[in-house]
Structure formats: structure tokens, C-alpha cells
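The next block holds one structure in the form of C-alpha cells; read it before the comments.
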Number of protein chains: 2
Amino acid sequence: MKLKISITTILVLILGLNIYAQQALFGGQNIVSPEINSDNSVTFRFNAPNADTVKITGDFLPPEKIKTQWGIFDGPGKALLKKDANGIWSFTSQPLESDLYSYSFIVDGVTNTDPNNVYMIRDVASITDVFIVGGGKGDLYNVQDVPHGSVTRRWYDSPGNDMKRRVTIYTPPGYEESKDKYPVLYLLHGMGGDEEAWIALGRTSQILDNLIAQGKAEPMIVVMTNGNVAQKAAPGESPKGLYKPNMQLPHTMDGKFEETFTDVIKFVEKSYRVQANKEGRAIAGLSMGGYHSLHISRYHPNTFDYVGLFSAAIMPNDGVKSKVYENFDETLKAQMDNGYKLYWIGIGKTDFLYQTNTDYRAKLDGMGMKYTYVETEGGHVWTNWRIYLSEFVPLLFK
Amino acid sequence: MKLKISITTILVLILGLNIYAQQALFGGQNIVSPEINSDNSVTFRFNAPNADTVKITGDFLPPEKIKTQWGIFDGPGKALLKKDANGIWSFTSQPLESDLYSYSFIVDGVTNTDPNNVYMIRDVASITDVFIVGGGKGDLYNVQDVPHGSVTRRWYDSPGNDMKRRVTIYTPPGYEESKDKYPVLYLLHGMGGDEEAWIALGRTSQILDNLIAQGKAEPMIVVMTNGNVAQKAAPGESPKGLYKPNMQLPHTMDGKFEETFTDVIKFVEKSYRVQANKEGRAIAGLSMGGYHSLHISRYHPNTFDYVGLFSAAIMPNDGVKSKVYENFDETLKAQMDNGYKLYWIGIGKTDFLYQTNTDYRAKLDGMGMKYTYVETEGGHVWTNWRIYLSEFVPLLFK
């Protein structure tokens, strides 16, 4: 009987396997990257003794102006790392404003993830490493030592699309133990996104946990839908398997999602203890999700007391035929006449939809439809959408 | 008024941004990798026109024997890709057995993820790309067109550890609409794992959905705990922030998790409609989680009718002091005498814990304690743990 195998032996063996695996898969690196320094500068390290150049590209670096066939865009900047005697390349940024940032390395011209950073987020078809600098709004995006809500991925029936569809639902701390009815924010993603976008890149559960703990937001349920009605679920979460995602999907802006949105509401109001009335409903979204929020709240013009348009697209294409887009002015006027508590518009000064939003505000002004307007720096980026969510949520259900 | 901005313009602009982002971050690649061919061979592609060599390493390649200071291990093999005229490197594997596989590229000696594959899974401190070959057991790991359960991340109170702790809970299709009480499988991870391990690498929700749909498993709740009681939650999910995970954590095998496991049970039986009795409880785990399952089920010797030890560590270190490990033989005998329906042991022939498990079976034989034994090919790997889960679950709650 050799039952008393030493725990140390077991540890060494298991660690041995792990060290081996790391050596085999990740070049035996045992370095810290990224390291957030006390002054909020950030040091990045990459082990590549034989590389000729290692660069970093990310949204925390001064943007590069890149001219495409459609115009000039601000892109993430690049910086060169410096190699030490051990073959470890490193770069330390300027002190950074508090935020969540994304980056990648470029090793001899080939883009690479950071093997020392396990925190990655998918945005459409791209995966990038992320890090959070605290001390400001980034503190809202970090998990803090506060009560935490629950996050559930589940499936609901959408008869209007003849399919079961996946949805991500945040319930606030205390929901399960309570007997109260909670208000609901429907939170919609942009083009190429899905029911994982707001919870991952949007840091929705962290923002809600933190705002609720600070007493700045009412406890609420947040329903993060999938606005691509041709999809049952996010890439990898449906019977389509582990396919390569793409940006262009059919039926995203043709009225079908707006028309069938009542399927989502019915599911939520049947399945959760919610305030199933206009006072208890908010809808907001980014880009295409802002477009959806605009049209859903207008097409169902007495359904939501709170509407948020974050860097929203506004008008449908002339060629799109859907009853949802007929009678635009009449339904918008009906929404106005029915009354609401908040119609919130946020956009960045360099957003490519800035002019479109300016025109839409002029239209609202012309018809006397009240709204709250927030203009920020920057463009069509997640940095802004996290800010808009953080500013919008405290205004709800008061 | 220029409200009628063309949807095409918007699309082009948004796509432009995206294409730009991909170009900036991922070298403008627009290729498919991995591609699973009709004969279940798999083609991998990597765009690196200026690289001298591109290799692939993964667990689907013939293993390499690697000698470490602790002995010889089977490691993932390597293969060389071949460059075409466009600078795209590619490699096609042999037809592969149906399974979930992991891989990485090695570009001029530097390990890289696959920029064309967004499906990655973290295992402790490593992230690798994954793919699934169907047509066999891999079909259990893929999302199929069947009813889907819900997966919730939530927090429970553990007074025994003086903290709130995070847990992942699978509820089967129909749970929310039902009034039935459901049995519960407590499913425990190995060293370096956490409450994300079984749901990600273990494909638990897919396996359960599929086995239930096939009528092979009873609908059950699966509770995936965090067995590292020094941790509130998985890396990145606690107030510790986005730190670099490591394998070695305190208090993982010192009796504290076993002792305080009743906190988890109390929470589950208070919060869910469950069969709160021995007949309705199963516990199983891999490696360290098998060790935990053995000791929890013995220390609370009349609590579980079903126990699963998957590649389990068995005995504590001589130096560890905990009341949980006192009276081992007496409590094991008490567990036997109290009766149970299944004591299931699974291990691979080349697992480094094989001999330990052989010795433990001899001990059980010696005391007349009945068990079911399954011996597979292979070692201490997730391939086996998914198989063990798939074989164990149909035996429960019949």
C-alpha cells in the first residue's frame, strides 16, 4: 500500500505538467505583462530574444491618422519595445487616464496576443488583450468589493422569428431573495455584436453592481439581447458551431428585430418579477442598437419611459421596406404625445454619425420633442459607450 | 435636413472602421483557420509572408516525449506549415478522431494565437485556440439544435470562509417553467482551475443539454464551485482585478474546502427547487476536484448517493493538519455502511496518478467497498475528463 503519496509529489507533478505545457505552448515565459504602475503608466513585456522588432498597438497610444477609401480615421497608435539582455522586450506608456484599454503586439510584422495576459475580449471577429487602469471611471469597470448581481445566459422563444434565441440577463444583488418587482433596461448592441457584447466589452455587470452599491442607480434587471434576428445566438453558442464571425448579417436593420421585440418583452415579463409597465421599461443601445432603440420605442410608441441612443444610427435606407419604417413622423409624434421621462442622446465629436445625430436633433427640436443631449470627445468606440451607459443608468426609474 | 443618410453609407463606414481595425490589429488577414474538412482532417492557415518558419503545436498531433526533471511526459506534438505564393502558411492534419482540441502557432520561434479563430479557452494561466471535430463524442461538446439549459454566474455566502464566493450554475431546459424538484450534481475542478473550468474546457452545458435531449441523462442542476477557498472568484472576476493567474494557491488541499462545502449545499438547497436529500445529490471532480469529492463525501458520510473520482488525487500530505483528514478509514467505512448508489472511479492508463488510484482501489477492495471502475487511454487531460463526465452523468438519479 503506497497510499501516502506525498502531496508535494503530487504538486510537483501537476505543476510539472503545467510548466511543461506553458513551456511548450508559450515559450516558457514567466513575466508580468501588462503591469500597471503606481503612476498609472503601464509596462508591457514580451519575451522574444530572436525577434528584430517588437511593437505594440493599442487604443491607449496617440492615434494614427489612417486614410482609407472612405476617409481618414483615427486608429490605435504604435510604439516600439526595447530589448534587454535577457531577450525580454518592454515598453512603458505615459500615465494613462482611467479606462479599459485594448492592445496587441506586433513581432517582426506579425500581430500577436500577449501570452502573459489571459484577459481578452472578442469584438466581432477580433480578439484583443485588455487591461483596466483604475482611479477614475475604470473603477466602475473593475469588480469591486460590493454585492454582485447574477448573470445568466438563457434561451427564450421568439415566435416572430420562429426560433429560440439566446439572451444575457443581469439581475441585481438581492433579486433572488426579494419579492419586489424590478424595472428592466433592454440594452442593445451594435453591428457585428451579439448578446455577449455589452456584458464583455461593455462591462455592464460591473458598472451596474458599482452604481447600485454607490446608491447612484436603482436596482434593475438588464436584458442584453441579440439584435441579429438571422442568428439564434452569438458565434460559437448556436448549432452553427465554431465558425468565423463576420460583420455583415442579414435582417439586422430591416425592421424585423424592431417588429419582433415584443417577443423579448413578453418573455422577460413572464419569467422575472418585473414592473411590467411603461414606467418600468427602458431601452438603449449603441450604434445599430441605438437605431433599434429609436425605432422600437417609436414603433411601440407607448411602451418605454426611458430611451437611450448611444452613437446611434438614425434613419433606414430608402430601399428598406418594412411597416416599422412607415409613418416615421406619425409614430414619433405619437411617442412624444404619449409622454416619456427621458429621451437621451449621446455622441462623440468625431463620431462618423455626428452629423446624422445633429440632423436628428434638429428634427426633434422642430417638432418640440424633448431630449437630453450629451456630447463627448472621441468617436464610435466602446470607451464612449461605457461612459454613456454609466451616465444613462443613474437617470432611470427614479 | 439630411436625415436620409443611406444605410449603405452607414454600413460602409462601420465596416470601414472594422476593416481598418482588423487591418491594424491583425494584419488584414481574411482567411479561414481552422477549417475542418469533410474527412475530419483539419487545415490551419497563418498569414506571415516574411516569416522563416511557421509551426503548429497542439494536442491533436502525435505526442512528443519530453523529459523534465520529474520524468518523461507526453507533450503536444509539432508540425511545420508550408508557405504558398501569397505568404499564407498552411498545414492539413490527418483525419482526426471526434473531440475538442487545442493548438497554437509558433512563428519564427514565437508562440502565437490564431488570429482567424476567436474560440479560445483559458486553462489556468494559458490561453489556447480550440476547435471541435464532430461525428463522435465531439458532437456532445458542440451546441446542437436541442433545448438549452441556462448558465448563471452568481455569488453565495460562505460563512465558513467568511466571504461571498462565485459559483457557476447550470439549470436544465424547462427548469424555470417547471414546479418539479431537481437533483443536483456538484462538479469540482482541478488544481489551478476555478468556477469557469468545467463550463469552458469541460463543455458541461453542451454535454448536459445533449445527454438530456437524447434521453440518456435525467434533467439535473449542475453546480460548478470554486475549490480554492482563498479565492472569492476566478481570476478577473474578483476585486483582485485582472491579475496574472497562477497554479499554486493556499488552502486548496488542506481540508478547508471540504469542511465548508456545506455552505454551498445550503445555498443551493435554499435557492433552487432541488431534491434536498442524499438521493438527489451527486458529487464529482477531476484531479484535485476528485480528491475534494472523495473527502467531502467521506467527511459528510451520509450526504451523497453518487460520487465520481475523475483522475483523482487521493490522500493528503502527511504534514497537513485538518479534522477532515483524521479518521479516514472510519469515515470511509461509515460512508460505505450508510450506503450509496454509485462510487465511480475513472483514470487514464498513462495518468501520473494511475498507481495511486490502483492502490486506492485495492484499499476499497480490502474493505469491501463497491465501486465502478473505468480505465481509459491517455493521461491527466481534459479529453478524458469530458469523457468521464459524459459517462458518469447518465448513471445519476435513475
Open item on the list: Give me the percent of accessible area attributable to carbon and sulfur for region A:141-395, probe 1.4 angstrom.
Closed with: 48
TODO: First check a/c for chain B, with a ≥ b ≥ c the square roots of the eigenvalues of its C-alpha gyration tensor; if it is under 1.5, answer rounded, and if not, answer prolate when a/b is larger than b/c or oblate otherwise.
DONE: prolate
Open item on the list: Compute for region B:162-274: radius of gyration divided by Kirkwood radius, i.e. Rg/Rh, restricted to C-alpha atoms, rounded to two decimals.
Closed with: 0.99
Open item on the list: If a paramagnetic tag sat 7 Å from the Cα of A:ASP365 along the Cα-Cβ line, which residues of region A:334-349 would have the backbone N under 18 Å from that point?
Closed with: A:343-349
- [ ] For chain B, with a Gaussian network of springs between Cα atoms less than 10 Å apart, report the residue from B:VAL167, B:VAL184, B:VAL320 with the top mean-square fluctuation.
- [x] B:VAL320
Open item on the list: Compute a Gaussian network model of chain B, connecting alpha carbons closer than 10 Å, and tell me which residue from B:GLY348, B:GLY71, B:GLY378 fluctuates the most.
Closed with: B:GLY71
- [ ] Leaving ligands, DNA and RNA out of it, work out the accessible area of B:GLU218 with a 1.4 Å probe and give it in Å² to the nearest 10.
- [x] 70
- [ ] Select from region B:231-265 all residues whose loss of accessible area on going from the chain by itself to the full protein assembly reaches 50 Å² or more (probe 1.4 Å).
- [x] B:PRO239, B:LEU242, B:LYS244, B:MET247
TODO: Quote the total accessible area buried by chains A and B together, excluding ligands, DNA and RNA, probe 1.4 Å, nearest 100 Å².
DONE: 9000
Task: Other-copy label distances relative to B:ASN277, 7 angstrom Cα-Cβ extension, nm - done: 4.5
Task: Surface accessible to a 1.4 Å probe, per residue, for the residues of region B:24-134, Å² - done: 43
Task: A:MET191 accessible area, 1.4 Å probe, all protein chains in place, Å² to nearest 10 - done: 20
TODO: Starting from the Cα of B:LYS181, step 7 Å toward the Cβ, then list every residue of region B:272-300 with an amide N under 13 Å from that point.
DONE: B:272-281
Task: Max mean-square fluctuation residue, GNM over chain A, Cα-Cα springs under 10 Å, options A:ILE66, A:ILE121, A:ILE265 - done: A:ILE66
Task: Proximal charge balance of B:PRO239 [Cβ under 9 Å; K/R count +1, D/E count -1] - done: +1
Task: chain A - mean residue ellipticity at 222 nm from DSSP helices (-39,500 (n - 2.57) per run, n ≥ 4, rounded to 500) - done: -7500 deg cm²/dmol
Task: Contact order normalised by residue count of region B:24-134, Cα under 8 Å, 6+ apart, percent - done: 29
Task: Nearest-first distances (nm) between copies at A:VAL32, label 7 Å from Cα via Cβ - done: 4.4
TODO: Please give, to one decimal in nm, the separation of the simple spin-label points placed at B:VAL374 and A:HIS251, each 7 Å out from Cα toward the Cβ.
DONE: 3.9
Task: Chain-alone versus full-assembly comparison, region B:126-174, residues with accessible loss of at least 50 Å² (1.4 Å probe) - done: B:SER126, B:ILE127, B:VAL143, B:HIS148, B:ARG153, B:ARG154, B:TRP155
Open item on the list: Given R₀ = 22 Å, what would the calculated FRET efficiency be for A:GLU279 paired with A:LYS333, taking r from the Cβ atoms and rounding to 0.05?
Closed with: 0.55
Open item on the list: Using only the Cα atoms of region A:41-104, what are the Rg and Dmax in Å?
Closed with: 13.8, 45
Open item on the list: Rolling a 1.4 Å sphere over the protein heavy atoms, what is the accessible area per residue of region B:204-347, to the nearest Å²?
Closed with: 32
Open item on the list: If I take every Cα pair under 8 Å that is 6 or more residues apart in region A:240-298, average their sequence separation and divide by the length, what percent do I get for the relative contact order?
Closed with: 31
Open item on the list: Just want to confirm a number: the relative contact order over chain B, from Cα pairs under 8 angstrom separated by 6+ residues, in percent.
Closed with: 11
- [ ] Note down the accessible area of B:MET247, probe 1.4 Å, to the nearest 10 Å².
- [x] 20
- [ ] Alpha carbons only, please: Rg and Dmax for the protein assembly as shown, in angstrom.
- [x] 26.9, 89
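The values are calculated or read from the model by the stated rules, or taken from the named source; none is laboratory data. Predicted model, so just to flag it, every value in this text is computed and none were measured. Ideal geometry is used to build each Cβ from the backbone, glycine not excepted, and the neighbour counts take in all protein chains shown. With ligands, DNA and RNA removed, areas are computed over all heavy atoms of the protein, side chains included. Shrake-Rupley method; radii C 1.70, N 1.55, O 1.52, S 1.80 Å.
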